[in-house]
1. Please work out, to two decimal places, the log10 of the ratio I(q)/I(0) at q = 0.18 Å⁻¹ from a Debye calculation in which every Cα of the range 73-133 carries one identical scatterer.
2. Starting with the fewest neighbours, write out 42, 52, 92 ranked by other beta-carbon atoms found within 10 Å of each beta-carbon.
3. Where does each of 127, 57 land when they are ranked from fewest to most other beta-carbon atoms within 10 angstrom?
4. Would you order 58, 93 from fewest to most other beta-carbon atoms within 10 Å of each residue's own beta-carbon?
5. Taking amide hydrogens as modeled 1.01 Å from N in the peptide plane, which residues meet the under 5 Å criterion relative to residue 90, leaving out close sequence neighbours?
6. What does the net charge come to around residue 111 if you take all other residues with beta carbon closer than 11 Å to its beta carbon, with K and R at +1 and D and E at -1?
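Throughout, read-outs are computed from the coordinates displayed, never taken from laboratory work. Source: prediction; values computed, not measured. Glycine gets a Cβ as well: all are built from the backbone with ideal geometry, and neighbour counts include every protein chain shown.
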Amino acid sequence: MKTSNRRRPSLCCLVLVVLFASSVSFQTPQSWAKSPEGQVTWGVATSIVPAWFDPAETAGIATPFMVLYALHDAMLKAMPGDLRAPALAESWTVSSDGLLYDFVLRRDVRFHNGDPVTAEDVRFSFERYRGAA
């Protein structure tokens, strides 16, 4: 007999929506703007694969991005109201043909271990990335 796994993704989505809604309901917009401090405890209802920690090794599916978004930042990222919001880059210019991008890194950006993020680090990551799947 063939069983269907169609209910599992919708159940996971429902659980995530309920958890998100319950956590948001106790916060005010003013508390969202505060700087992060303290410790974050994160529960994930899946086995985390070591490749998910590395953007160059991750498969092209949505699940690893919950890990990537928590650990890595981008030059630009989509935010509510702005599909190209600054992240590691504080500003950028694009050539008229759209092939050359010039980014200005934010000052005082650091890795998790405290080392400064440099243009060489960005270049290394960009050249190492092979595309998802």
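1. Evaluating at q = 0.18 Å⁻¹ gives log10 I(q)/I(0) of -0.78.
2. 42, 92, 52
3. Listed from fewest to most nearby Cβ atoms, that is 127, 57.
4. Placing the least packed residue first, the sequence is 93, 58.
5. Amide H neighbours of residue 90: 104, 105, 106.
6. Taking every other residue near residue 111 into account, the sum is -2.
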